[in-house]
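Novice: Once you've had a glance at the structure underneath, I'll fire off some questions.
The values are calculated or read from the model by the stated rules, or taken from the named source; none is laboratory data. No experiment lies behind these values; they were computed from the predicted model shown. FYI the Cβ positions are ideal-geometry reconstructions off the backbone, even for glycines, and counts take in every protein chain you see. Heavy atoms of the whole protein, side chains included, go into the accessibility calculation; ligands, DNA and RNA do not. Shrake-Rupley method; radii C 1.70, N 1.55, O 1.52, S 1.80 Å.
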There are 2 protein chains.
Amino acid sequence: MTDGVTDGRPVVAERTAAVVGTGLIGGSVLLRLRAAGLDVTGWDPDPATRDYAHEQGVAAPDTLEEAVAGRDVVFLCGPLPSLPETLARVAGATDEHCVLTDVGSTKAAVAAAATAQGLGHRFVPGHPMAGADGAGLTAATPVLLDGAAWVLCPTGSGMAAFRRLAALVIDVFGARVVPLSAPEHDVVAALSSHVPHLLAGALAGAVQRSALREAVLALAAGSFTDGTRVAGGPPERTANMLLANRGPALAGLEAVRAVLDELADAMRAGDRAALTALLDEGRTARAAVRGRTFAAHRREFPAVVDHAGELAYLRELGAAGGHLTQCRVEAGAVVYTGHLPASPG
Amino acid sequence: MTDGVTDGRPVVAERTAAVVGTGLIGGSVLLRLRAAGLDVTGWDPDPATRDYAHEQGVAAPDTLEEAVAGRDVVFLCGPLPSLPETLARVAGATDEHCVLTDVGSTKAAVAAAATAQGLGHRFVPGHPMAGADGAGLTAATPVLLDGAAWVLCPTGSGMAAFRRLAALVIDVFGARVVPLSAPEHDVVAALSSHVPHLLAGALAGAVQRSALREAVLALAAGSFTDGTRVAGGPPERTANMLLANRGPALAGLEAVRAVLDELADAMRAGDRAALTALLDEGRTARAAVRGRTFAAHRREFPAVVDHAGELAYLRELGAAGGHLTQCRVEAGAVVYTGHLPASPG
């Protein structure tokens, strides 16, 4: 929550934070929060990682409970399968004021776990979009998430927590906050991230099995190098991500395979026109990755009464490819600056 | 052919060259040859491209025949379907001394066309590996192919022409020359380039068709941006490339789909161990893209007698993932510096 502006620079309302799981993403979150002036603690189940954090001057207590006690906000950055259990431990060691969020690549499962634990009012499912070649705290950097698209999932009961967290990641990370429902996030993430990981893994795997593997590597063109980059990531992390979102990921893969079928049919038939038309569809989407323009708008809602209108606005904004660059609570109202694609395809 | 060394710098034996088809690749070949001091002419069927070449100070006659007459070497850089006809025109307008090559992304078809035209002794199928986002002479740059892996296809009857061209692209482009038979090249290129183009096109196409297209683009992570980059290229060029190599490309696609099937099965079964093992196969190949080390060696063959040993050496070198960084004819012998992967997987 940004509660004021001084000399044109936003003042970050949250004073203290903790990061649980200080790998590549968690470590980068921690380093950026610290650079922004917050009092930050980190905790990791790996003692060697805690020692390394100590050496970097990070407060890294021996227990999770010490690390999170009394904090305004806690980022859960451990592996996906560990999140429900970690969430329960962190909730038990923090007070009702403390906002909890995660950075996992799927959202429906952890959102359901939080609701089941009665934490829907202060847990905000989150997912910053960041490419990651390396792993671990040693690869972390305060700039990794700067300017990232950052999904946060608003709910009616969690609106106050959503606003505080949206303000924090906008102010500290320069994030473009994309508000989506948890299930919709997972469908979108399947195509924007999980299916690309499957394709990269399958391409690299097929080359690994090829009798001409060495010659293929020798001729690896840009298309191959680009298309297999994420296959270089830790298999365990990718497997966790895929299994946590397997329904939407398998559905997204089927959608890609349907286009692959059409491409292969056009090739077999020697149908140049059909093949070119299919490739042109892809070019249109690809051109839109960088070519989109946005129109900004300002929206205001009452801060304390019914949140139905605010929730509907936020979810429609995200589903339409939009994002927030400001969230401010002042004089009984919440004010958003939103951006919508100017010419959706 | 490098016929001498002065002050440690190789002297390029070829004095004059022509480039037919001055698009992105052809234009980049032309600019680099000119920068290396060769007398170079260019020709393109498009008058506006010839005008633009003129404006850049390039000799660009109005007819193909004027452009290639009397040249030592001609690079055919037009679209794949045009190559057999262009080859016949260029051969008719040049003398027996002139070495011909192309830069197309498939080799078996053009090699067969050259043999059918009785040009096997002076046409050397070629393929420099270069990623290309843009298109056209305006996107060309002399550095595009610097240090590229550059396939050249040696044959018994074309050995003298192979040596001259290998020396030229090593000396002028700093190329790593990968000698492969034309059919073997096409199998390798399918996995190293053509299948990645199919996967990129299918991924981008599936997103284009998605109801949540705008949100997918908003969350496009590195994996998506990387995995669709080549889908931004001209559909006609990609279609030409895929159709010219459709047998090996479809076979390569089937190999990738087999791995995709295994990945999907492991996901459906919730089999974390199987999924991780599959992803680890891909990581091994991916790690080898940058992690390979090479051991250098020197090989010498008689320059003028039987070429069987030389041909076998060259093709084995390329199939094993190796390359040449020197080709020199001196005192009745041809001397190669070759490099083989030190620890093939």
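Novice: For region B:295-319, give me each residue that is within 14 Å of chain A (Cβ to nearest Cβ), among the aliphatic types (A, V, I, L, M) and loosely packed, with under 15 Cβ neighbours inside 10 Å.
Specialist: To start, the set of residues in region B:295-319 that are within 14 Å of chain A (Cβ to nearest Cβ) comprises B:295, B:314-319.
Narrowing further to those that are among the aliphatic types (A, V, I, L, M): B:295, B:314, B:317, B:319.
Matches in region B:295-319: B:Ala295 only.
Novice: I'd like to know if region A:141-150 contains one or more residues that are within 16 Å of the chain's Cα centre (by Cα), at pLDDT 95 or above, assigned to a helix (DSSP H, G or I) and assigned by TED's automatic domain parsing to the domain that holds A:Leu165.
Specialist: No, because not a single residue in region A:141-150 is within 16 Å of the chain's Cα centre (by Cα), at pLDDT 95 or above, assigned to a helix (DSSP H, G or I) and assigned by TED's automatic domain parsing to the domain that holds A:Leu165.
Novice: Something else about it: Any residue in region B:244-262 that is in a loop (DSSP other than H, G, I, E, B), open to solvent by less than 30 Å² (accessible area, probe 1.4 Å) and not aliphatic (A, V, I, L, M)? Quick ask: steps written out before the conclusion?
Specialist: Of region B:244-262, the ones in a loop (DSSP other than H, G, I, E, B) are B:245.
So of that shortlist, the ones also open to solvent by less than 30 Å² (accessible area, probe 1.4 Å) come out as B:245.
Narrowing further to those that are not aliphatic (A, V, I, L, M): B:245.
Yes, there is a match, as at least one residue in region B:244-262 is in a loop (DSSP other than H, G, I, E, B), open to solvent by less than 30 Å² (accessible area, probe 1.4 Å) and not aliphatic (A, V, I, L, M).
Novice: Something else: Does B:Ala206 qualify as being in a helix (DSSP H, G or I) and more than 7 Å from every other protein chain (Cβ to nearest Cβ)?
Specialist: Numbers: in a helix (DSSP H, G or I): yes; more than 7 Å from every other protein chain (Cβ to nearest Cβ): no.
Here the answer is no, as B:Ala206 does not meet what is asked.
Novice: Hey, another quick one. When you check B:Val58 against the structure, is it touching a residue at least 60 places away in the same chain (Cβ under 8 Å), open to solvent by less than 30 Å² (accessible area, probe 1.4 Å) and in contact with a helix residue (DSSP H, G or I) (Cβ under 7 Å, 6 or more places away or on another chain), yes or no?
Specialist: Values: touching a residue at least 60 places away in the same chain (Cβ under 8 Å): no; open to solvent by less than 30 Å² (accessible area, probe 1.4 Å): yes; in contact with a helix residue (DSSP H, G or I) (Cβ under 7 Å, 6 or more places away or on another chain): yes.
The answer is no for B:Val58.
Novice: Taking the criterion of being open to solvent by 10 Å² or more (accessible area, probe 1.4 Å), charged (D, E, K, R), within 11 Å of chain A (Cβ to nearest Cβ) and more than 16 Å from B:Gly147 (Cβ to Cβ), would at least one residue in region B:161-180 satisfy it? Step through it out loud before you land on a result.
Specialist: Going residue by residue through region B:161-180, those that are open to solvent by 10 Å² or more (accessible area, probe 1.4 Å) are B:163-164, B:170-172, B:174, B:176.
Adding the requirement that they be charged (D, E, K, R) leaves B:163-164, B:171, B:176.
Now narrow it down to the ones that are within 11 Å of chain A (Cβ to nearest Cβ): B:176.
Restricting the remaining residues to those that are more than 16 Å from B:Gly147 (Cβ to Cβ) gives none.
No: zero hits.
Novice: A further question follows. Give region B:26-45 a look and list any residue that's in a loop (DSSP other than H, G, I, E, B) and in contact with a Gly (Cβ under 9 Å, 6 or more places away or on another chain), or say none. Break it down stepwise before answering.
Specialist: First, pick out the residues of region B:26-45 that are in a loop (DSSP other than H, G, I, E, B): B:36-38, B:44-45.
Answer for region B:26-45, where residues must be in a loop (DSSP other than H, G, I, E, B) and in contact with a Gly (Cβ under 9 Å, 6 or more places away or on another chain): B:Asp44, B:Pro45.
Novice: State all residues of region A:35-49 that are out of contact with any Pro (no Cβ under 8 Å at 6 or more places or on another chain) and free of Cβ contacts under 8 Å to residues at least 60 places away in the same chain; if no residue qualifies, say none. Give the steps one after another, and end with the answer.
Specialist: Initially, region A:35-49 is screened for residues out of contact with any Pro (no Cβ under 8 Å at 6 or more places or on another chain), giving A:36-40, A:42, A:44-49.
Within region A:35-49, A:Gly37, A:Asp39, A:Val40, A:Gly42, A:Pro45, A:Asp46, A:Pro47, A:Ala48 qualify.
Novice: May I ask you to verify whether B:Ala114 is surrounded by 15 or more Cβ atoms within 10 Å (Cβ to Cβ) and either modelled with pLDDT of 95 or more or not assigned by TED's automatic domain parsing to the domain that holds B:Ser28 (or both)? If you could, list the steps in order and put the result at the bottom.
Specialist: Numbers: surrounded by 15 or more Cβ atoms within 10 Å (Cβ to Cβ): yes; either modelled with pLDDT of 95 or more or not assigned by TED's automatic domain parsing to the domain that holds B:Ser28 (or both): yes.
Answer is yes for this residue.
Novice: Give me a count of the residues in region A:65-88 that are small (Gly, Ala, Ser) and either open to solvent by less than 20 Å² (accessible area, probe 1.4 Å) or outside any loop (DSSP other than H, G, I, E, B) (or both).
Specialist: Within region A:65-88, the subset small (Gly, Ala, Ser) is A:67, A:69-70, A:78, A:82, A:88.
Within this subset, residues satisfying the condition of being either open to solvent by less than 20 Å² (accessible area, probe 1.4 Å) or outside any loop (DSSP other than H, G, I, E, B) (or both) are A:67, A:82, A:88.
Here the count works out to 3.
Novice: Continuing with this model, one more query. What number goes with the only condition from (1) facing chain B (nearest Cβ under 9 Å); (2) assigned to a helix (DSSP H, G or I); (3) out of contact with any Lys or Arg (no Cβ under 7 Å at 6 or more places or on another chain) that A:Met241 does not pass?
Specialist: Result: A:Met241 fails condition (1) only.
Novice: On to the next question. For A:Ser105, which of the numbered conditions (1) of a type in the set (S, T, N, Q); (2) open to solvent by 40 Å² or more (accessible area, probe 1.4 Å); (3) farther than 22 Å from A:Ala308 by Cα fails to hold?
Specialist: All conditions pass for A:Ser105, except number (2).
Novice: Another question, then. Collect the residues in region A:320-334 that are open to solvent by less than 30 Å² (accessible area, probe 1.4 Å) and within 27 Å of B:Val216 (Cβ to Cβ), keeping them in residue-number order. Write out each step before concluding.
Specialist: If we filter region A:320-334 for residues that are open to solvent by less than 30 Å² (accessible area, probe 1.4 Å), which is where we start, we get A:321-324, A:327, A:333-334.
Matches in region A:320-334: A:Gly321, A:Gly322, A:His323, A:Leu324, A:Cys327.
Novice: Now for a separate question. Can you report the number of residues in region B:211-233 which are buried (at least 24 other Cβ atoms within 10 Å of the Cβ) and more than 7 Å from chain A (Cβ to nearest Cβ)?
Specialist: Qualifying residue count, region B:211-233: 1.
Novice: Within region B:197-230, how many residues turn out to be under 24 Å from A:Leu145 (Cβ atoms) and charged (D, E, K, R)?
Specialist: Adding up the residues that qualify gives 3.
Novice: Moving to a separate point now. Taking into account only those residues within region B:335-345 that are in contact with a His (Cβ under 8 Å, 6 or more places away or on another chain) and within 14 Å of another protein chain (Cβ to nearest Cβ), which is most open to solvent (accessible area, probe 1.4 Å)? Write out each step before concluding.
Specialist: Taking region B:335-345 as the starting set, the residues that turn out to be in contact with a His (Cβ under 8 Å, 6 or more places away or on another chain) are B:337-340.
With the extra rule that they be within 14 Å of another protein chain (Cβ to nearest Cβ), the set shrinks to B:338-340.
Values: B:Gly338: 0, B:His339: 34, B:Leu340: 63 Å².
Of everything passing the filter in region B:335-345, B:Leu340 is most open to solvent (accessible area, probe 1.4 Å).
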